[in-house]
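What follows is a set of notes on a single structure, which appears directly below.
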Amino acid sequence: MRRRIAAILLASLALAGCSGEAPPKPDANPTARPSATGSAGAALGTGVLTVGAGGLGRLELTPTSIAYLQAGSTSEKPQAEGFVFVTVKVVATAPVGTAQTSPISNGGWSWVAPDGEAIKQGNGSAFNVVAESFDASFISPGTFDWAGVVFDVKVTQAGGMLLYTDGAGQVYRWAMPKTDSGPQVAQIKQELAP
């Protein structure tokens, strides 16, 4: 009788743990991923597998380019001294589509300046800086799109740490260069030119 009860309990636990969604793929090289707890941060171009908004789906996020935009280089006037625009490749890796988390849900992107100031995505006038090619929202299963993450910053806040908090509350970090870097810089500047 005890064996039968134990078998029923194990089966119930196994069924309760099923979500109908494929678990994240194991990371073949965990040291190449941004750490959820470390402070050093990964390099630009390093991807990470995250949980989607509301805890649904999986997204692989890879920041690929960073452009520093001074006042006058866009039609939008910064409230600080300029904008930081980061492009992110967003890939839906689970059988369900999902979106990135947002600051309103205590998730999403933020910038930590070298002096330690934390800046949320879309602060100041950054919310109005939108490039058509980097405007991803919901990502369908098995597809990818490009997102743009923008911050309104002072010149001294260049070279900060890019942070992303996913749908499970995990925080991922990338150490950002102090100068324009990556393959989409020219495209960013062209699309945002006044």
Inset, instruction - Return the aspartates and glutamates within reach of K89: Cα separation strictly under 20 angstrom, same-chain partners fewer than 8 residues apart disregarded; answer none if there are no such residues. - result: D27, E60, E132, D135, D145, D166, D180, E191
Inset, instruction - Determine the gain in length on full extension of the stretch D180-S133; use 0.36 nm per residue of separation and subtract their C-alpha separation, reporting nm with one decimal. - result: 15.1 nm
Legend entry - Partner lysines for K178 [C-alpha distance under 18 Å; skip if fewer than 8 residues away on the same chain]: K154, K189
Inset, instruction - With a ≥ b ≥ c taken as the square roots of the eigenvalues of the C-alpha gyration tensor of the stretch 112-194, please select rounded if a/c is under 1.5 and otherwise prolate if a/b is larger than b/c or oblate if it is not? - result: oblate
Legend entry - Pair T156, S102: separation of 7 Å Cα→Cβ label points (nm): 3.3
Legend entry - Within the accessible area of the stretch 52-124 (1.4 Å probe), percent carbon and sulfur: 49
Inset, instruction - Report the local net charge at N123: Lys and Arg +1, Asp and Glu -1, summed over other residues whose C-beta lies under 15 Å from its C-beta. - result: -1
Inset, instruction - Please sort by residue number the chymotrypsin sites (Phe, Trp or Tyr not before Pro) in the stretch 100-194 whose DSSP state is loop and whose Cβ has at most 12 other Cβ atoms within 10 Å. - result: none
Legend entry - Three principal axis lengths of the stretch 46-93 [C-alpha, angstrom, descending]: 39, 22, 15
Legend entry - Relative contact order for the stretch 60-194, counting Cα pairs under 8 Å that sit 6 or more residues apart, in percent: 34
Inset, instruction - Would you mind getting me the FRET efficiency between Q170 and S140? Use the beta-carbon distance for r and R0 = 22 Å, nearest 0.05. - result: 0.45
Inset, instruction - Mind checking the per residue accessible area of the stretch 108-150 for me, 1.4 Å probe, whole number of Å²? - result: 51
Inset, instruction - Go through the stretch 120-194 and name the trypsin sites (Lys or Arg not before Pro) that are in a DSSP coil and have 14 or fewer other Cβ atoms within 10 Å of their Cβ. - result: K154, K178
Legend entry - aspartates and glutamates with Cα under 12 Å of K120, excluding same-chain neighbours fewer than 8 positions away: D152
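The values are calculated or read from the model by the stated rules, or taken from the named source; none is laboratory data. Everything numeric in this text was worked out from a predicted model, so none of it was measured. Here the Cβ is made from the backbone with ideal geometry for all residues, glycine too, and neighbour counts use every protein chain on show. The protein model used for the area step is the full one, side chains on, heavy atoms only, and it has no ligands, DNA or RNA in it. Shrake-Rupley method; radii C 1.70, N 1.55, O 1.52, S 1.80 Å.
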